[in-house]
1. Checking G44 against (1) at positive phi; (2) touching a His at 6+ places or on another chain (Cβ under 6 Å): exactly one of these is not met. Which one?
2. Is it the case that A51 is out of contact with any Pro (no Cβ under 7 Å at 6 or more places or on another chain) and closer than 30 Å to V128 by Cβ?
3. Got a sec? Which strands (runs of 3 or more DSSP E) wholly within the stretch 56-135 have at least 1 residues that are touching a Gly at 6+ places or on another chain (Cβ under 7 Å) and surrounded by fewer than 17 Cβ atoms within 10 Å (Cβ to Cβ)?
4. For the subset of the stretch 84-115 comprising residues that are among the basic types (K, R) and touching a residue at least 12 places away in the same chain (Cβ under 8 Å), which member is nearest to H60 (Cα to Cα)?
5. Of a type in the set (V, I, T) and in contact (Cβ under 8 Å) with a residue 12 or more places away in the chain: does that describe V48?
6. Would you say G94 is small (G, A, S) and either modelled with pLDDT of 95 or more or within 14 Å of A47 (Cβ to Cβ) (or both)?
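The values are calculated or read from the model by the stated rules, or taken from the named source; none is laboratory data. Values in this document were obtained by computation on a predicted structure and should not be read as measured data. FYI the Cβ positions are ideal-geometry reconstructions off the backbone, even for glycines, and counts take in every protein chain you see.
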Amino acid sequence: MRRGEGGQALVAAVVLLGMAAAAIVGLLHAQERLLGAVRDGRAGEAAVAAAGTAVADRYHALARSLGRDPSAAETAAFAADPAVTETAREAAVGMARAHGRADPSEVRVRSFGIEVEVDLLLAGRRHVALLESFP
């Protein structure tokens, strides 16, 4: 081996190790982003399910108080009630926090005829629960 070749090999090895370390850090960062997105998605689905359940409970209470299924106009009034939206929001926030995620930035309750839809926005993704039929 000539003088200086060992130093060049060492420099090349250090550069390659640096590149490998950068690649590993990049892969770990990508993995964390992917897992974070999956966690956000699961938390959003759980939050909208909790909100939908809370709204369904209130809707069933309304139906029991009326002694019949609410009409489309009564369903629209139900969905427009701020107390119903607040019930949905509280349930969604509780579930999102239980999953260690931020609070939903938007929670809405809407009606379409006799169907009720609960949707929320969590981590930039919209999640929807459609309450179609109330036996």
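1. Just one mismatch for G44, condition (1).
2. So A51 passes the test.
3. Hits in the stretch 56-135: 125-131.
4. R110
5. yes
6. yes
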